[in-house]
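Enquirer: Here it is: the structure, laid out below.
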Amino acid sequence: MARITLRQLLDHAAERGYGVPAFNINNMEQGLAIMEAAAAVDAPVIIQASRGARSYAGDIMLSKMIDALEEMYPQIPLCLHQDHGNDEATCATAIKYGFTSVMMDGSLRADAKTAADYDYNVDITRRVTDMAHWVGASVEGELGVLGSLEHGGGEQEDGHGLEGKVSREQLLTDPDQAVDFVRATKVDALAIAMGTSHGAYKFSRKPDGEILAMNVIEEIHRRLPNTHLVMHGSSSVPQSLQDMFNQFGGEMPQTWGVPVEEIVRGIRHGVRKVNIDTDCRLAMTAIFRKVGVSSKSEFDPRKFLKPAMDSMRELCRERFEQFGAAGNASRIKVLPLSEMAKRYRSGALDPRIGGMTEAA
């Protein structure tokens, strides 16, 4: 049994001071690339699926595929996480299909496009936390709206993301509010809004403190040193992959992602989960273009997919190593959901704020 909850995995990461990349998947090839990379460096894994991925592949297919990956790599603790759940039903059905962790993104309304108010976020996140903890599953919440500090809006990803403009204050998580939010909702991890966004086009220039507010993470960690923080939209969009994509017929405008050194800085200040999707897509599609141009008569999909998997595997391996996750899989003894449920019921996993455990 290698299926692990997000809470147990991030507790271990916090104890040993590392971060875990959370890779989004839609298909078998992506799953195999991630697990091959993890096995090569002995790293635990977070595989996450968006609502768009669940719609694309189907819940049954995703569920059976994760079962297969778990059986193929029994030595690797694997957390299956629902990315950006928009309501209680999305989170409940994810748990039904074997997800050990869910994100309730109450920063947006159920349409996944409209910014929600604070009270709505607290209310729906707490309801999901109560539900998930009954069975031992973990919950990630989000406070503040994910979006760009450059233009004041969000980016759509698989149908999820802010539409329109919001204030700079809404795009930055308030540290005081974060303390209250964790206390009220009992989330296991907290996603921070600090200038990152979905997709490839995060920044129009190399990000500095004006458009990538790492100081927000540092201040929240100072106030919530025992809370696991999450960086969303944290693909680095490597220049080499942009160049390859465009060299073989692509038309990707110049863009900048989140520098790896800034992610490592975040890990030093409580970031334990780092969401990566665009980098994996780009690692594969740049190879698709290369094969298509270099071997114009090729029609076997495997001749495109195998080198694309190799490219994604190497990217994943780099992130496991850069974030310090390598070498930690074999150090973890996975607890079943039933044991985690007992610990939630006992209060042992309640948030610790200011060194104290919060009672219900």
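The values are calculated or read from the model by the stated rules, or taken from the named source; none is laboratory data. Since we're looking at a predicted model, the values are computed, not measured. Don't worry about glycine lacking a Cβ; one is built from the backbone with ideal geometry, like all the others, and counts go over all protein chains shown. Accessible surface areas use protein heavy atoms only, side chains included; no ligands, DNA or RNA. Shrake-Rupley method; radii C 1.70, N 1.55, O 1.52, S 1.80 Å.
Enquirer: Taking all pairs of different Cα atoms in the chain, averaging 1/r and flipping that mean, what Kirkwood radius in angstroms comes out? Write down the numbers at each step before the final one.
Expert: On the way: mean 1/r = 0.0493 Å⁻¹.
Result for the chain stands at 20.3 Å.
Enquirer: State which entries of K64/K333; K64/K273; K165/K306 exceed 32 angstrom in Cα-Cα distance in the structure shown. Intermediate results must be reported in sequence, preceding the final value.
Expert: On the way: K64/K333 23 Å; K64/K273 24 Å; K165/K306 41 Å.
Pairs exceeding the cut-off: K165/K306.
Enquirer: Name the residue farthest towards the positive end of the dipole of the chain from the options A33, V20, S236, assuming +1 on Cβ of Lys and Arg, -1 on Cβ of Asp and Glu, about the Cα centre.
Expert: Positive-end residue among those listed: A33.
Enquirer: By how many degrees, between 0 and 90 and to the nearest 10, does the Cα long axis of helix 59-72 differ from the longest principal axis of the chain?
Expert: That works out to roughly 80 degrees.
Enquirer: Something else now. Measure nothing but the geometry: give the 0 to 90° angle between the long axis through the Cα atoms of 6-16 and the longest principal axis through the Cα atoms of the chain, rounded to 10°.
Expert: Roughly 90 degrees between the two axes.
Enquirer: Please tell me the relative contact order of the chain in percent, rounded to the nearest whole number, where contacts are Cα pairs under 8 Å and at least six residues apart. Mind showing how you got there, number by number?
Expert: Numbers: 769 pairs, mean separation 80.9, N = 360.
Rounded, it is 22 percent for the chain.
Enquirer: In whole percent, what relative contact order does region 71-118 give with Cα contacts below 8 Å and a gap of six or more residues?
Expert: Working: 58 pairs, mean separation 16.3, N = 48.
Relative contact order for region 71-118 comes out at 34 percent.
Enquirer: Additional query: I'd like the antiparallel share, as a percent to the nearest 5, of DSSP beta bridges with both residues in the chain. Can you show the working numbers first?
Expert: Values: 7 of 38 bridges.
About 20 percent, rounded to the nearest 5.
Enquirer: Run down the aspartates and glutamates and flag those whose C-alpha is under 16 Å from the C-alpha of K303, throwing out any fewer than 8 positions away in its chain.
Expert: Correct list for K303: E29.
Enquirer: Please check the chain for the longest run free of GluC sites (Glu not before Pro) that are loop-located per DSSP (anything but H, G, I, E, B) and have at most 12 other Cβ atoms within 10 Å. All intermediate terms of the calculation are to be shown ahead of the outcome.
Expert: Numbers: sites that count: E169, E210, E251, E298.
With a cap of 12 other Cβ atoms within 10 Å, the longest stretch comes to 1-168.
Enquirer: Would you work out what percent of the accessible area of the chain, with all protein chains in place, is carbon or sulfur (probe 1.4 Å)? Could the numbers behind the result be given before it?
Expert: Working: 7400 of 14340 Å².
Ligands and nucleic acids excluded, carbon and sulfur reach 52 percent.
Enquirer: Tell me the per residue accessible area of the chain using a 1.4 Å probe; a whole number in Å² is fine. Before the final figure, lay out the partial values.
Expert: Details: 14340 Å² over 360 residues.
Solvent-accessible surface per residue comes out at 40 Å².
Enquirer: Once amide H atoms are placed 1.01 Å from N in the peptide plane, what residues at a sequence separation of 5 or more from Q48, or on another chain, have their amide H within under 5 Å of its amide H?
Expert: F23, N24, I25, H81
Enquirer: Then there's this: Taking the Cα centre of each part, how many Å lie between region 44-94 and region 200-272?
Expert: Between the Cα centre of region 44-94 and that of region 200-272, the gap is 24 Å.
Enquirer: Moving on. Please compute the net charge surrounding I332, taking Lys and Arg as +1 and Asp and Glu as -1 over other residues with Cβ under 11 Å from its Cβ. Spell out each step's value before the answer.
Expert: Values: positive: R16, R331, K333; negative: D11, E15, D42.
Result for the local shell: 0.
Enquirer: Additional query: For region 1-95, rounded, prolate or oblate, judged on the Cα gyration tensor with a ≥ b ≥ c (square roots of eigenvalues), a/c < 1.5 rounded, else prolate if a/b > b/c? Please report the intermediate quantities before stating the final value.
Expert: Values: a/c = 1.93, a/b = 1.28, b/c = 1.51.
Here region 1-95 falls in the oblate category.
Enquirer: Along the positive direction of the dipole of the chain (beta-carbon charges: Lys, Arg +1; Asp, Glu -1; about the Cα centre), which of Y120, T173, L349 reaches farthest?
Expert: About the Cα centre, the residue reaching furthest to the positive side is L349.
Enquirer: Within 10 Å of each candidate Cβ there may be at most 11 other Cβ atoms; applying that plus a DSSP loop requirement, which trypsin sites (Lys or Arg not before Pro) in region 270-360 survive? Show your work: numbers first, answer last.
Expert: Working: sites: R272, K273, R281, R289, K290, K296, R302, K303, R313, R317, R319, R331, K333, K342, R343, R345, R352; in loops: K296, K333.
Here the sparse-neighbourhood loop sites are K296, K333.
Enquirer: Suppose R0 equals 41 Å; then what is the FRET efficiency for R127 and S297 from their Cβ-Cβ distance, rounded to the nearest 0.05?
Expert: The value I calculate is 0.15.
Enquirer: Moving on to the next point. Could you give the dipole magnitude of the chain about its Cα centre, charging the beta-carbon of Lys and Arg +1 and that of Asp and Glu -1, in debye to the nearest 20? Let's see the in-between values first.
Expert: On the way: 40 positive and 49 negative charges, 148 e Å.
That gives the chain a dipole magnitude of about 720 debye.
Enquirer: Mean separation of Cα pairs under 8 Å and 6+ residues apart, divided by the residue count of region 1-133: what relative contact order is that in percent? Walk me through the numbers on the way to the answer.
Expert: Details: 199 pairs, mean separation 31.3, N = 133.
After rounding, I find 24 percent.
Enquirer: Evaluate the distance, in nm, between pseudo-label points positioned 7 Å from the Cα of S55 and of E218 along their respective Cα→Cβ axes.
Expert: In this crude spin-label approximation the distance works out to 4.0 nm.
Enquirer: Hey, another quick one. For the chain, what does the helix formula give at 222 nm: sum of -39500 (n - 2.57) over DSSP H segments with n ≥ 4, over the residue count, nearest 500 deg cm²/dmol?
Expert: Working: 13 runs with 160 residues, N = 360.
Estimated from H runs of four or more residues: -14000 deg cm²/dmol.
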